[in-house]
Amino acid sequence: MEIESDSFPFRRLTDGFTLRGVGLHSGRDCVLTVEPHDGEPVLRHEGAELPLRRLGLAGTGRGSDYVFPDGHRVRTCEHVLSALVGLGIWGVRLTVEGPEMPALDGCAQRMTECLLAHSEPCASGPDPFALALPVQVGDASRFVAAFPAPEFCVTCVVRYASPLIGTQMLDLTVAPEPYREQIARARTFAMEADLEALRANGMALGGSLENAVLVGAEGIRAAGGLRWPDEFVRHKTLDLIGDLAAVGRPIRAHVVAVRSGHELHLRLADRLRALLSGA
């Protein structure tokens with residue numbers, strides 16, 4: 001099916017590339033190889049390979065993990081997948097060495113730059129899933145809902161007790177140019193008060209001020225300072241876009257996320273998967 005590039009832009013990989021770096025949570029060396037692939041996006045790890053849509057999902061560990069049938073998993077996939085969805089690249093094989101995706105710059109900028117350097121625009125791609133009826137997960141205070149719409153757009157709202165963040169909202173139509181300009185550079189962040197507990201639980205071991213924003217009682221610490229005053233909601237939008245890659249194909253829906261996180265994002269992805277399979 002031919003899709004007009006103006007209404008639903010796509011790109012295709014022209015060749016592959018490899019990225020190396022520490023994992024955000026494990027602190028271990030990790031390697032990601034990105035290659036063109038005919039068909040839907042697939043993830044390869046420890047000799048096993050499956051399409052994204054057939055892998056289990058776990059979002060309770062400060063990131064989005066893809067779980068293989070034997071129980072082993074690849075952690076913190078959201079930033080890499082966000083860049084792919086944001087640029088409209090679907091025919092891809094992702095091979096990971098190590099327990100998680102490399103953290104790189106703590107956002108999707110480096111991945112986006114590499115994808116742009118190794119891809120080209122194309123006018124056709126996988127048929128998008130056009131949502132017919134609204135779907136919602138969560139409750140009245142924290143939820144993610146998807147509504148029928150002619151294109152993929154998101155509205156994201158965050159609210160934190162810290163006055164340095166407070167309440168922020170962002171609306172975005174997901175397409176290569178706005179993604180690259182408004183979302184890709186937004187870094188992951190953490191509360192300084194949570195840092196000790198996170199590291200005691202084996203998380204944030206690869207985090208630093210080079211790949212994350214740290215919010216403390218006395219102020220915000222980050223290399224170069226904040227990139228936008230609302231960098232926090234932009235990063236949550238980055239995460240949301242990447243988490244919905246679990247559907248395995250483009251979607252046409254308006255997704256509204258209010259005080260959400262990876263667990264709710266992935267629950268919505270599971271619901272959309274079920275609708276696609278007719279369950």
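Assess whether residue 196 counts as being farther than 21 Å from residue 63 by Cβ, of a type in the set (D, E, K, R) and not in a strand (DSSP E or B). No; evaluated as a whole, the condition is false for this residue. Note on the stretch 74-124: residues that are farther than 22 Å from residue 250 by Cβ and in contact with a Gly (Cβ under 8 Å, 6 or more places away or on another chain) total 9. The residues in the stretch 149-163 that are over 28 Å from residue 112 (Cα atoms) and open to solvent by less than 90 Å² (accessible area, probe 1.4 Å) can be counted, and the count is 2. Check whether at least one residue in the stretch 146-159 is modelled with pLDDT under 95 and among the aliphatic types (A, V, I, L, M), and report yes or no. No, every residue in the stretch 146-159 fails to be modelled with pLDDT under 95 and among the aliphatic types (A, V, I, L, M). Whether a residue is open to solvent by 30 Å² or more (accessible area, probe 1.4 Å), outside any strand (DSSP E or B), touching a Phe, Trp or Tyr at 6+ places or on another chain (Cβ under 7 Å) and closer than 20 Å to residue 249 by Cα was assessed, and residue 177 does not pass this test.
Considering only residues in the stretch 27-37 that are more than 22 Å from residue 69 (Cβ to Cβ) and part of a loop (DSSP other than H, G, I, E, B), the one that is most open to solvent (accessible area, probe 1.4 Å) turns out to be 28. The sole residue among 111, 101 that is under 22 Å from residue 201 (Cα atoms), among the aliphatic types (A, V, I, L, M), at pLDDT 95 or above and touching a helix residue (DSSP H, G or I) at 6+ places or on another chain (Cβ under 6 Å) is 101.
Summed over the stretch 38-64, residues that are open to solvent by less than 10 Å² (accessible area, probe 1.4 Å) and under 15 Å from residue 266 (Cα atoms) total 4. Taking the listed residues 62, 12, the one that is assigned to a strand (DSSP E or B) and closer than 30 Å to residue 151 by Cα is 12, with no other qualifying. Would you call residue 238 under 24 Å from residue 90 (Cβ atoms) and not small (Gly, Ala, Ser)? Against the criterion (under 24 Å from residue 90 (Cβ atoms) and not small (Gly, Ala, Ser)), residue 238 qualifies.
Within the stretch 65-89, restricting attention to residues that are assigned to a loop (DSSP other than H, G, I, E, B) and open to solvent by 20 Å² or more (accessible area, probe 1.4 Å), the residue that is nearest to residue 211 (Cα to Cα) is 72. Listed by first and then second residue, the pairs linking a residue in the stretch 126-152 that is outside any loop (DSSP other than H, G, I, E, B) to a residue that is open to solvent by 80 Å² or more (accessible area, probe 1.4 Å), with Cβ atoms under 6 Å apart and 6 or more places separating them unless they lie on different chains, are 135/271; 137/267; 143/136; 145/136; 147/134. Of all the criteria given as (1) in contact with a Leu (Cβ under 9 Å, 6 or more places away or on another chain); (2) open to solvent by 30 Å² or more (accessible area, probe 1.4 Å); (3) at pLDDT below 95, the one not satisfied by residue 212 is (2).
In the stretch 103-148, the qualifying residues are those that are open to solvent by less than 30 Å² (accessible area, probe 1.4 Å) and of a type in the set (Gly, Ala, Ser), and the one that is farthest from residue 256 (Cα to Cα) is 119. Say whether the condition of being closer than 22 Å to residue 62 by Cβ and open to solvent by 40 Å² or more (accessible area, probe 1.4 Å) is met by at least one residue in the stretch 254-263. Within the stretch 254-263, one or more residues are closer than 22 Å to residue 62 by Cβ and open to solvent by 40 Å² or more (accessible area, probe 1.4 Å). Of all residues in the stretch 92-115, those that are among the acidic types (Asp, Glu) and in contact with a Lys or Arg (Cβ under 6 Å, 6 or more places away or on another chain) total 1.
For the stretch 231-279, filtered to residues that are part of a strand (DSSP E or B) and touching a Cys at 6+ places or on another chain (Cβ under 7 Å), the residue that is nearest to residue 101 (Cα to Cα) is 257.
The values are calculated or read from the model by the stated rules, or taken from the named source; none is laboratory data. Predicted model, so just to flag it, every value in this text is computed and none were measured. Positions of Cβ are backbone-derived with ideal geometry, glycine not excepted, and every protein chain shown enters the neighbour counts. These accessible areas exclude ligands, DNA and RNA; they are computed on the full protein's heavy atoms, side chains included. Shrake-Rupley method; radii C 1.70, N 1.55, O 1.52, S 1.80 Å.
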